[in-house]
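Here the structure comes first, spelled out in structure tokens, and everything after it is commentary.
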Amino acid sequence: MASQSERRNAGTRGPGSTRDRVLDAYETLLIEQGPGGATLDAVAAAAEVSKGGLLYHFSSKEALVSGLLARLCERSARDAELMRSDAAGTVAYYLRTSVPGHESPVGLTRTYLATLRVADGSTSGEAARTALADVDADGLAALSEEIDDPVLAWLVQLVGDGLYLRTLTGAPLTGGVSTEELLDTLRTLLAARSRPG
């Protein structure tokens, strides 16, 4: 059974709600232990809720995965809004938030990594892969608003993806080039492409 405080928070979706604590715990277990360590009992314990409290919000493991994917989509949409409103432009935002230590301020990086852990050959894995593709589409759509050449927009996304891989794996950057140098070079390429003739 859900406790009285858990029932009181049942409809709450804001930060600190029971639902968010459960999803935070699920993300952590997926990242640190993989799907095998993210059992319902382990998630409830890590979230410091009763099993009944967890089941009130997520009635099954599949529902928990669905909750994670919904969070991923929400965070991706918020991140794309931040990209579009960044004073330095979408390209600068995309590259800077792809670098280790400078992740998306809306928690997208962590949720993306957790989702990668469930993107296997199962039914849930197929849904996870679709959600990850939607995140990529959100980023590319935002980049395409600044870059009118679809090949160059995709090239910038792929550069960001390479940086993002370092963030997700914890590997250091290689090449001896700073993000700002990389950004300056891309801006030069984009400006040359936009000039007539």
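List of remarks:
- Any hit, region 115-138, residues being more than 23 Å from Ala42 (Cβ to Cβ), of a type in the set (Gly, Ala, Ser) and open to solvent by less than 20 Å² (accessible area, probe 1.4 Å): no
- Only listed residue being of a type in the set (A, V, I, L, M, F, W, C) and closer than 30 Å to Gly36 by Cβ, chosen from Ala127, Ala191, Ala141: Ala127
- Members of region 100-156 found to be touching a helix residue (DSSP H, G or I) at 6+ places or on another chain (Cβ under 7 Å), over 15 Å from Met83 (Cβ atoms), without any contact (Cβ under 8 Å) to a residue 40 or more places away in the chain and among the polar types (S, T, N, Q), listed by number: none
- Selected residue (only one of Gly170, Gly176, Gly160 is modelled with pLDDT of 90 or more, small (Gly, Ala, Ser) and over 13 Å from the mean Cα position of the chain (by Cα)): Gly160
- Among the numbered conditions (1) more than 19 Å from the chain's Cα centre (by Cα); (2) open to solvent by less than 50 Å² (accessible area, probe 1.4 Å); (3) of a type outside the set (S, T, N, Q), the only one that Lys61 does not meet is (2).
- Val49 assigned to a loop (DSSP other than H, G, I, E, B), buried (at least 22 other Cβ atoms within 10 Å of the Cβ), at pLDDT 95 or above and not hydroxyl-bearing (Ser, Thr, Tyr): yes
- Counted residues, region 165-186 - those being within 21 Å of Thr109 (Cα to Cα) and open to solvent by 70 Å² or more (accessible area, probe 1.4 Å): 7
Residues checked against (1) in a helix (DSSP H, G or I); (2) at pLDDT 95 or above; (3) under 30 Å from Thr188 (Cβ atoms):
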{"residue": "Arg71", "(1), (2), (3)": "yes, yes, no"}
{"residue": "Glu74", "(1), (2), (3)": "yes, yes, no"}
{"residue": "Ala80", "(1), (2), (3)": "yes, yes, yes"}
{"residue": "Arg84", "(1), (2), (3)": "yes, yes, yes"}
{"residue": "Leu95", "(1), (2), (3)": "yes, no, yes"}
{"residue": "Pro100", "(1), (2), (3)": "no, no, yes"}
{"residue": "Pro105", "(1), (2), (3)": "no, no, yes"}
{"residue": "Thr109", "(1), (2), (3)": "yes, no, yes"}
{"residue": "Ala119", "(1), (2), (3)": "no, no, no"}
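- Residues considered: Leu95, Leu72, Leu68, Leu54. Of these, the only one that is within 19 Å of Leu168 (Cα to Cα), open to solvent by less than 40 Å² (accessible area, probe 1.4 Å) and out of contact with any Phe, Trp or Tyr (no Cβ under 9 Å at 6 or more places or on another chain) is Leu95.
- Taken together, the residues in region 131-182 that are within 21 Å of Ala88 (Cα to Cα), of a type in the set (Val, Ile, Thr) and not in a loop (DSSP other than H, G, I, E, B) amount to 3.
- Residues of region 46-90 that turn out to be of a type in the set (A, V, I, L, M, F, W, C), touching a residue at least 24 places away in the same chain (Cβ under 8 Å) and under 24 Å from Leu116 (Cβ atoms), as a count: 13
The values are calculated or read from the model by the stated rules, or taken from the named source; none is laboratory data. All values derive from a computational prediction rather than experimental measurement. No Cβ is skipped: glycine too gets one built from the backbone with ideal geometry, and neighbour counts run over all protein chains shown. For the accessible areas, the whole protein counts, side chains as well, though only heavy atoms, and no ligand, DNA or RNA atoms are used. Shrake-Rupley method; radii C 1.70, N 1.55, O 1.52, S 1.80 Å.
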